[in-house]
Amino acid sequence: MIEVQNLTKRYGAKTAVDRVSFKADESEILGFLGPNGAGKTTTMNILTGYLSSTDGKAVINGVDILEEPLKAKKMIGYLPEQPPLYLDMTVEEYLKFVYRLKKCKLPINSHLNEICDLVKITDVKKRVIKNLSKGYKQRVGVAQALVGNPPVLILDEPTVGLDPKQIIEIRTLIKKLGKNHTVILSSHILSEVQAVCDRIVIINRGRIVADDSSEKLVQNLSADHKLVVRAEGNPAEIKKLLSSIPDMKEVRINRENVEPGVSEFYLNAKDGCDIRREVSKRLASRNYPLLMMKSSELTLEEIFLKITTGDMYGHADRIEAGMSGKLTDKA
Amino acid sequence: MFAIFRREFKAYFTSPLGYVFLAIFYAFSGLFFWLFSLDMGSTDMSNVFLMMFMVLMVFVPLLTMRLLADDKKQKTDQLTLTAPVSLFSIVFGKFLSAYVIFAIGVAIMPIYGFVMSIFADVSWLPIWGNTVGLLLLGGIFVADGLFVSSLTENQMIAAIGSFFINLVILLLNTLVNQIPSGFFRTVFESISVYSRYNEITNGIFSLSSVIFFLSVIGIFLFLTVRVLEKKRWA
Ligand SMILES: Nc1ncnc2c1ncn2[C@@H]1O[C@H](COP(=O)(O)OP(=O)(O)OP(=O)(O)O)[C@@H](O)[C@H]1O
Ligand SMILES: [Mg+2]
């Protein structure tokens, strides 16, 4: 279990993390979502004892990271933003080094083999890390965090730089690990944390702006009123037809002729209005084949906008605090 | 600590750095041995040891520059500093790895003594004394190199910085000779590494000198730990 209370980190005049509090229960996967420069890495570095906080405290399974650092660190496996790999070592040498460094007691060979199998790096075990691809380096980084089987895993953007297949593999792995570990992972991508996490904490400019279970948050943030639609037929006429839907605010032709005769439309209905059925019915009634319909994913900016304007948590003060000004740090 | 020592020690031999250092060490000590002892028909090796001060002053920084600077640059410090090990054991493990390489180099010195003993009578006491002196001096060079390496991410700067400290250590002695005798002279004399080393190479081997060398090593290691600690609060 991880408990963070009023964590604050200042770099000179700049406050990177501002009174952040949250909790992760045992066997919970907590997603830490925020744009670039939000303070995710800083928070994780404090949790793992790499940095010291200016104020506030972080407690891992009842052990304060500042008061008993060695005891707390023993319970944490950490994958930093950039995997901490010694490039001159082979994968096997490196993992053995980590094993000794962490003073593990488990049987070394079977333990390391198990980890290698789990993150699928068994076939590169004898290779020098320098020569591995980015995705494999990332996996060795994950493997390193798993050495010693710590009950708490802190993973900073674990899927960054991986190909889509590997992303799915790592997500599956994290879900599996979440069954008997407490996991905190950070990400820029809502759909990613939504896919693997039980709980989502959204952080922006050093402050928490939302903290809720995945389902609730996603439900509140769902964008059924914003659709991307592809239909076959005269684009101008289809646009006219769809514009006549009562709750529709805006219809835009994204691209004509995405396929021969098919155009893509962007639909924006009034907040909270599910227009999917109506779109499909109207197109069918006029014999315009509907070829694709999906809700457009909210970008992080849209999420923040929604949280601030929608006041979905009733904590106007907290939200306002986190959102005043522009999102200057975003990429 | 042992894990760190083992890794760093091995790393000296996966890169050519360890070999290069030992080659330089053996080449220079061999050259001086030949010039000052064999060629001049003298079994007094103190000149050889004095010259080694200069050589090591330049080349030990090459051995230590990587130790902490590169960890920071490659972000591997995120592994060591978040592992359940104390800062001191990280620092000491790194110190030891470079120091053992250095000691392997020094091991050649008594071997020269044996070579000489084939041809002539040698007085062994000064040779052993000098060897111990070299080991103590090297400890200071390695420790200050490690300290500078903790201050920067740049290996080049680490090496130059360490060389600079070694130079100051040497110049401190020249400074002493400029000071008229009195309180300050006594103070500076007692902290002059070079004059103490010189003492040892002349066969004067005092406990206070040994304690002095060990303390200087200890101070640099302590400062290194402090630097790492302070960085967390940055
Ligand atoms: N050593 C430092 N000195 C000064 N400011 C820093 C330092 N490290 C981080 N910051 C600042 O703190 C803020 C938070 O940075 P942090 O790396 O935690 O963000 P992040 O959420 O991890 O972003 P990203 O998604 O880009 O990884 C940023 O504005 C950054 O500029
Ligand atoms: Mg980050």
Counting only DSSP beta bridges fully inside the range A:112-253, the antiparallel percentage to nearest 5 is 60 percent
Output the 0 to 90 degree angle, nearest 10, between the alpha-carbon long axis of helix A:91-101 and the longest principal axis computed from the alpha carbons of chain A.
60 degrees
State the antiparallel share, in %, of DSSP beta bridges confined to the protein assembly as shown, rounding to the nearest 5.
70 percent
Using only Cα atoms, what Kirkwood radius does the range B:2-229 have, in angstroms?
18.4 Å
log10 I(q)/I(0) for chain A, Debye formula on C-alpha points only (no solvent), q = 0.07, 0.12, 0.14 Å⁻¹, two decimals, reads -0.37, -0.90, -1.07
Accessible-area loss of at least 20 Å² (1.4 Å probe, chain alone to full protein assembly) applies in the range B:62-105 to B:GLN74, B:LYS75, B:THR76, B:GLN78, B:LEU79, B:THR80, B:LEU81, B:THR82, B:ALA83, B:PRO84, B:VAL85
Would you mind working out the accessible area per residue for the protein assembly as shown, using a 1.4 Å probe, and quoting it in Å²?
45 Å²
Normalised by the number of residues in chain A, what is the relative contact order in percent for Cα pairs under 8 Å and 6+ residues apart?
19 percent
Between chains B and A, the summed loss of accessible surface on complex formation, probed at 1.4 Å and reported to the nearest 100 square angstrom, is 2700 Å²
Compute accessible area for the range B:197-234 by itself and then with all protein chains, 1.4 Å probe, and report residues whose area falls by 20 Å² or more.
B:ARG232, B:TRP233, B:ALA234
In the structure shown, do any of A:LYS96/B:LYS230; A:LYS14/A:LYS57; A:LYS73/B:LYS231 have a Cα-Cα gap over 21 Å, and if so which?
A:LYS96/B:LYS230
Count of lysine pairs, the range A:126-217, Cα-Cα under 26 Å, sep. 8 or more residues or interchain, comes to 17
Using 1/(1 + (r/R0)^6) with R0 = 45 angstrom and r between the beta carbons of A:GLU3 and A:GLU114, what's the FRET efficiency to the nearest 0.05?
0.90
Tell me what chain B gives for mean residue ellipticity at 222 nm when only DSSP H runs of n ≥ 4 count, each as -39,500 (n - 2.57), the sum divided by the residue total, rounded to 500 deg cm²/dmol.
-26500 deg cm²/dmol
If I take R0 = 56 Å and measure r between the Cβ atoms of B:SER123 and A:LYS71 in this structure, what FRET efficiency does the formula 1/(1 + (r/R0)^6) give, to the nearest 0.05?
0.50
Reachable aspartates and glutamates, given that their alpha-carbon falls under 17 Å from the alpha-carbon of A:LYS120 and they are not under 8 places away in the same chain
A:GLU92, A:GLU93, A:ASP163, A:GLU169
So what is Rg over Rh here for the protein assembly as shown, counting just Cα atoms and using Kirkwood for Rh?
1.15
Taking a spot 7 Å from the Cα of B:SER86 along the direction of its beta carbon, which residues of the range B:1-44 have an amide N less than 15 Å from it?
B:1-2
Which loop trypsin sites (Lys or Arg not before Pro) in the range A:51-111, with loop taken from DSSP, have no more than 15 other Cβ atoms within 10 angstrom of their Cβ?
A:LYS103, A:LYS105
Leaving out ligands, DNA and RNA, and with a 1.4 Å probe, what % of the accessible surface on chain B is carbon or sulfur?
73 percent
FRET efficiency estimate (nearest 0.05) - Cβ-Cβ, A:LYS130 to B:LEU135, R0 22 angstrom
0.05
Just report the Cα centroid separation between the range B:43-84 and the range A:1-65, whole Å.
36 Å
Excluding residues on the same chain fewer than 8 positions from A:LYS249, give the lysines whose Cα lies under 25 Å from its Cα.
A:LYS226, A:LYS239, A:LYS240, A:LYS270, A:LYS281, A:LYS294, A:LYS306
Between A:GLY135, A:GLY34, A:GLY233, where does the largest GNM mean-square fluctuation fall for chain A, given springs only between Cα atoms within less than 10 Å?
A:GLY233
Using only Cα atoms and rounding to the nearest 10 degrees, what angle (0 to 90) does helix A:300-310 make with the longest principal axis of chain A?
70 degrees
Once every DSSP H run of n ≥ 4 in chain A is given -39500 (n - 2.57) and the sum is divided by its residues, what mean residue ellipticity at 222 nm do you get, rounded to the nearest 500 deg cm²/dmol?
-10500 deg cm²/dmol
Qualifying aspartates and glutamates (Cα of each under 15 Å from Cα of A:LYS9; at least 8 residues distant if same chain)
A:ASP18, A:ASP55
Averaging over all projection directions, find the projected area of the Cα convex hull of the range A:153-291 and quote it in nm² with one decimal place.
11.0 nm²
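The values are calculated or read from the model by the stated rules, or taken from the named source; none is laboratory data. Here the structure is a predicted model, which is why all the values come from computation and not from measurement. Note that each Cβ is placed from the backbone with ideal geometry, even for glycine, and that neighbours are counted across all protein chains shown. To get the accessible areas, we keep the full protein, side chains included, count just its heavy atoms, and leave off ligands, DNA and RNA. Shrake-Rupley method; radii C 1.70, N 1.55, O 1.52, S 1.80 Å.
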